[in-house]
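I have placed the structure first, in the form of structure tokens, so that the comments after it can refer back to it.
The values are calculated or read from the model by the stated rules, or taken from the named source; none is laboratory data. It should be emphasised that the depicted structure is a prediction, and the values quoted were computed from it without experimental measurement. When we count neighbours, we look across all protein chains shown, and the Cβ atoms used for this are built from the backbone with ideal geometry, even at glycine. The area values use the complete protein model at the heavy-atom level, side chains included, leaving out ligands, DNA and RNA. Shrake-Rupley method; radii C 1.70, N 1.55, O 1.52, S 1.80 Å.
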Amino acid sequence: AQTVTQSQPEMSVQEAETVTLSCTYDTSESDYYLFWYKQPPSRQMILVIRQEAYKQQNATENRFSVNFQKAAKSFSLKISDSQLGDAAMYFCAYQSGGGADGLTFGKGTHLIIQP
Amino acid sequence: NAGVTQTPKFQVLKTGQSMTLQCAQDMNHNSMYWYRQDPGMGLRLIYYSASEGTTDKGEVPNGYNVSRLNKREFSLRLESAAPSQTSVYFCASSERLAGAGEQYFGPGTRLTVT
């Protein structure tokens, strides 16, 4: 079974600064997908960014980018120019490419934005 | 276009009572999922439905049953609720069963079992 580990229960960053959230995963599969989801206090799960394991290029979505290190099984999220609206829980998630198991989530990182 | 809707939003049950959580999506997605989220944890998969007429167990299926009523609706039933089932329940849907098909989540149901 796959596991996803987020080692930072909480992170704090000054508004307009850059922060990186860490995620590692364990899998024996070669075909898979990785995601970062944001969960604000409203509880709604919002997709931030996704990465296909077969792609060398790191995914980018506006101020959000990932550092995908396949050999190290590492998938970190970088948020540039942090904004107050970025404050939320962030979950890293894994999905098998060939299987049908839904998403496997890490325990999350609580991101605090200091004004 | 409402996306994924869940009812109810909140529910309190006594131990041993039963209830059904309802989920519906209007995006014509093939796959639907039920997750639970406990404090300090990420979401964990309870059951999923790859397509209409099929259901499969996820990581934590014990104490639950599901029904894929049609392509739009996927319900989760607790036959005899236990305090360990106190949690927030999320329904999600996806165009594809596996692969980079984004999962769209409902707003969640907060269930308390006393």
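Data overview
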read-out: Counted charge near A:Ser42, where neighbours are those whose Cβ lies closer than 15 Å (Asp, Glu -1; Lys, Arg +1); value: +3
read-out: Rg and Dmax [Cα atoms of region B:1-105; Å; Rg one decimal, Dmax integer]; value: 13.2, 40
read-out: Candidates A:Ala72, A:Ala53, A:Ala93, ranked by Gaussian network fluctuation over chain A, Cα under 10 Å, top entry; value: A:Ala72
read-out: Residues of type aspartates and glutamates that A:Lys73 reaches as a straight line, Cα spacing below 17 Å, ignoring anything fewer than 8 places off in the same chain; value: A:Asp26, A:Glu29, A:Asp31, A:Glu52
read-out: Virtual paramagnetic centre 7 Å along Cα→Cβ of B:Thr114, amide N under 14 Å, in region B:6-46; value: B:11-17
read-out: Label point distance in nm, B:Thr5-B:Ser84, each placed 7 Å from Cα along Cα→Cβ; value: 3.5 nm
read-out: Computed lengthening from A:Gln14 to A:Asn67, 0.36 nm per intervening residue step minus Cα-Cα distance; value: 16.9 nm
read-out: Distance between modelled label sites at A:Ser7 and A:Gln56, nm, 7 Å Cα→Cβ extension; value: 2.8 nm
read-out: Cut-off 20 Å (backbone N to label point 7 Å along Cα→Cβ of B:Glu73), residues of region B:10-50; value: B:10-11, B:18-35, B:47-50
read-out: In nm, spacing of pseudo-spin labels at B:Asp26 and B:Glu95 (7 Å Cα→C-beta vector); value: 1.9 nm
read-out: GluC sites (Glu not before Pro) restricted to region B:49-114 and DSSP loop, no more than 16 other C-beta within 10 Å; value: B:Glu52, B:Glu59, B:Glu79, B:Glu95, B:Glu102
read-out: Whole-number accessible area per residue in Å² for region B:4-114, which is evaluated in the context of all protein chains at 1.4 Å; value: 43 Å²
